[in-house]
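The block underneath contains the structure these notes are about, expressed in structure tokens.
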């Protein structure tokens, strides 16, 4: 399961046969059934169900399906549950799927831009040089997503754009901007207060930009409660780890 050299991150990519192959899928439902209601496949779906659906997507030539955001979203869900190098390979496939969707008419769908950026961010997460080269592209895709579909994934474009401004190097070497990060992430918590990552990311910004440990810890507590009580499926374990990582960085409230 290796990352294909043909799946470059700068510019248009193309699918090759060097993608993650899944085992034990002999009991998958027919492709027509699997792909009939893509909105039902998500965080609560089993990994097996997502793998069956991804296999069906790879074999599909349906232009409506291929220009939608579903293939890229499916790749992202699988990538988030995988370990390297499968994680990078699946995220790269998500980028490729989104690029193809844009090329055949999905460019007015904010969800396609959103899942392209989400997959790209995951694919380059552990590669600083690639990350630096793709900052502008990430910003552009997320800005398009925000303009076209601001509510997708409960303020997903606000959330990811805010984190991009928080983590990127500041001018003149990068696009980082602490004030923009705080504004966007605060808006995400106000507009969609039930999504745990909105509070988690806002907590990070409050501490890293303003060193407001009291407010940051409050947001962290709210986010953990939302994670505990919300319908987040298999994402709970993934996000719990992120909350624990941030909690270790935050000092006890001193402000």
Quiz item: Which value in Å does the Kirkwood hydrodynamic radius of the chain take, with 1/r averaged over all unlike C-alpha pairs and then inverted?
Solution: 18.8 Å
Exercise. Relative to the compact-globule scaling 2.2 N^0.38 Å, provide the ratio for the alpha-carbon radius of gyration of segment 48-100.
Key: 1.05
Practice problem: May I ask you to give the average projected area over all directions of the convex hull of the Cα atoms of segment 153-255, in nm² rounded to one decimal? | Solution: 6.3 nm²
Practice problem: Using label points projected 7 Å from each Cα along Cα→Cβ, tell me how many nm separate residue 175 and residue 58, to one decimal. | Solution: 3.1 nm
Exercise. May I ask you to work out the translational diffusion coefficient for segment 70-189 at 4 °C, viscosity 1.567 mPa s, via Stokes-Einstein with Rh from the Kirkwood sum over Cα pairs, reported in whole µm²/s?
Key: 91 µm²/s
Practice problem: Work out the P(r) tail for segment 132-181: percent of alpha carbon pairs separated by more than 15 Å, whole number. | Solution: 41 percent
Self-check item: Helix axis angle, 47-59 relative to the chain longest principal axis, alpha carbon, degrees
Solution: 50 degrees
Practice problem: Any chance you could give the angle, 0 to 90 degrees and rounded to 10, that helix 86-101 forms with the longest Cα principal axis of the chain? | Solution: 70 degrees
Practice problem: Report, as a whole number in µm² per second, the diffusion coefficient that Stokes-Einstein gives for segment 1-150 at 10 °C and 1.306 mPa s using the Kirkwood radius over alpha carbon pairs. | Solution: 103 µm²/s
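The numbers here are math on the coordinates, done by the rules we state, and not lab data. Just so it is clear, the model here is predicted, and its values are computed rather than measured. Neighbour counts run over all protein chains shown; Cβ positions are idealised from the backbone, glycine included.
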